[in-house]
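Right, one structure below, let's go through it.
Every number in this text was worked out from the coordinates using simple rules, so none of it is lab data. Model, not experiment: these values are computed from the prediction. A quick note on method: Cβ atoms are made from the backbone with ideal geometry, for glycine too, and the neighbour counts reach across all protein chains shown.
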Amino acid sequence: MASRRDTRRRVSSYGGFPKRTGSIRPLKTTVLIVGEGGTEQYYFDGLKRDEAVSRAFTVTIKDAGGGSAEEVVRSAIHHVERARQENREYDVAYCVMDVEGRDKRMSLSRARTLARDSSIRCCLSNPSFEVWLLAHFTRTCKSFGNAANVVAELEKFWKTSTAAAYDKNDRGIYQRIGHLVKAAVTNARSVHKQDHRDGDIADCDSSTDVYELISYLLGR
C-alpha cells in the first residue's frame, strides 16, 4: 500500500512540472528553491506567502551566497541530503541561476549535469534574474549581454511603477510587483517559445524559464 507521502506529486529533473489538479491531497507538496543571491531569495520568499502558493505548497528558500552555478547546485544537494538525515524530504528541488559570462557558462554546463544526476531542476535567466523581473513590465527578447544592461532597462519601468528605485536587496521585492506576475508569466513564456522557439535558455539572450516554476506554484 502506498504511504501517505507517496500520494504527493513529484517531478524529476528536466521532466517538466506536474499539473495541478483539484484532487484532495493529504499533505502539501514540499519544495526547495536555491538561488544565487539575495534578490532571488527575497522574491521567492514573498511569492511563497501568496495564498495560491501557501495553500498547496510548503516552500523553503535557500541562498547559495552568490557562488558559481556548481556551488548553487551543490548547495541544493546539501539541503536535500540534510533533510533526509533529519527524516524530512523535499518532494521537488529547484536551482534558480543566471547565465552570464564565459566562466559561468562553463560552470553552468557542469552544474546542469550534476543537477540532472541528482533529480534537481534548473531554472535559468539569461543573462540574469532581472530578465524575469523585467517581464513583469514588458515583453522583450532584446539581447542585453550582461546583468548591468538588464538592470538599466528594468530601472526605467521600476521607478515609474513602484515609486521607488530598484534595489537588488529589497526584501519586499515581490510585494512591489507581485500583482504583475500573471503578465510576467505570459511575457516570459511568449519570448521563450515564440522568439527563441523553445530553445535552451543558456543560448537565448534575453530569456528566462523561471515562468515555468512560477506558473507551477501559482497554478497558472
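For Ser207, the amide hydrogen comes within under 5 Å of the amide hydrogens of Asn126, counting only partners 5 or more places away or on other chains and with H modelled in the peptide plane. Along the axis of the charge dipole computed for the chain (Cβ charges of +1 for Lys and Arg, -1 for Asp and Glu, origin at the Cα centre), the listed residues Ala184, Ala69, Ser207 are led at the positive end by Ala184.
Between beta-carbons, use under 15 Å as the cut-off and find the net charge around Ala184, counting Lys and Arg +1, Asp and Glu -1. Kindly include the intermediate steps, with their values, before the conclusion.
Working: positive: Arg139, Arg176, Lys182, Arg189, Lys193, Arg220; negative: Glu40, Asp50, Glu130, Glu153, Asp209, Glu212.
Local net charge: 0.
For Thr60, the residues 5 or more places off, or on other chains, whose built amide H falls under 5 Å of its own are Val31, Leu32, Ile33. In the distance distribution for region 61-187, Cα-Cα pairs more than 25 Å apart total 34 percent. Taking the square roots of five times each eigenvalue of the Cα gyration tensor of the chain, the equivalent ellipsoid has semi-axes of 27, 20, 16 Å, listed largest first. Taken along the Cα-to-beta-carbon direction at a fixed 7 Å, the label points for Ser118 and Thr58 span 2.2 nm. A Förster radius of 25 Å combined with the Cβ-Cβ distance from Arg171 to Glu71 puts the calculated FRET efficiency at roughly 0.60. Sorting 202-208, 129-135, 27-33 by their mean Cβ neighbour count within 10 Å, with the most densely packed peptide first, gives 129-135, 202-208, 27-33. Local charge for Asp205 was computed over the other residues whose Cβ lies under 12 Å away, with Lys and Arg +1 and Asp and Glu -1, and equals -3.
The amide H of Cys122, built 1.01 Å from its N in the peptide plane, has Tyr14, Cys95 as neighbours under 5 Å, considering only residues 5 or more places off or on other chains. Between Ile33, Thr162, Leu134, the Cα set farthest toward the positive side of the dipole of region 28-218 (charges on each charged residue's Cβ, about the Cα centre) is that of Thr162. Secondary structure note: in region 28-218, about 10% of the DSSP beta bridges are antiparallel.
For region 118-210, the fraction of C-alpha pairs farther apart than 22 angstrom is 24 percent.
Derived scalar couplings between HN and Hα for region 209-220 equal 10, 4, 4, 5, 5, 5, 5, 5, 5, 8, x, 10 Hz in order, rounded to whole Hz, by the Karplus curve 6.51 cos²θ - 1.76 cosθ + 1.60 (θ = phi - 60°), x for Gly and Pro. Rounded to whole numbers, the Karplus 3J(HN,Hα) couplings from phi for region 35-40 are x, 6, x, x, 4, 4 Hz, using 6.51 cos²θ - 1.76 cosθ + 1.60 with θ = phi - 60°, and x at Gly and Pro.
If you count, for each residue, the other Cβ atoms within 10 Å and average over each peptide, how do 143-151, 211-219, 161-169 line up from highest to lowest?
Ranking the peptides 143-151, 211-219, 161-169 by packing returns 211-219, 143-151, 161-169.
Separation of region 82-132 from region 164-220 is 16 Å, based on Cα centroids.
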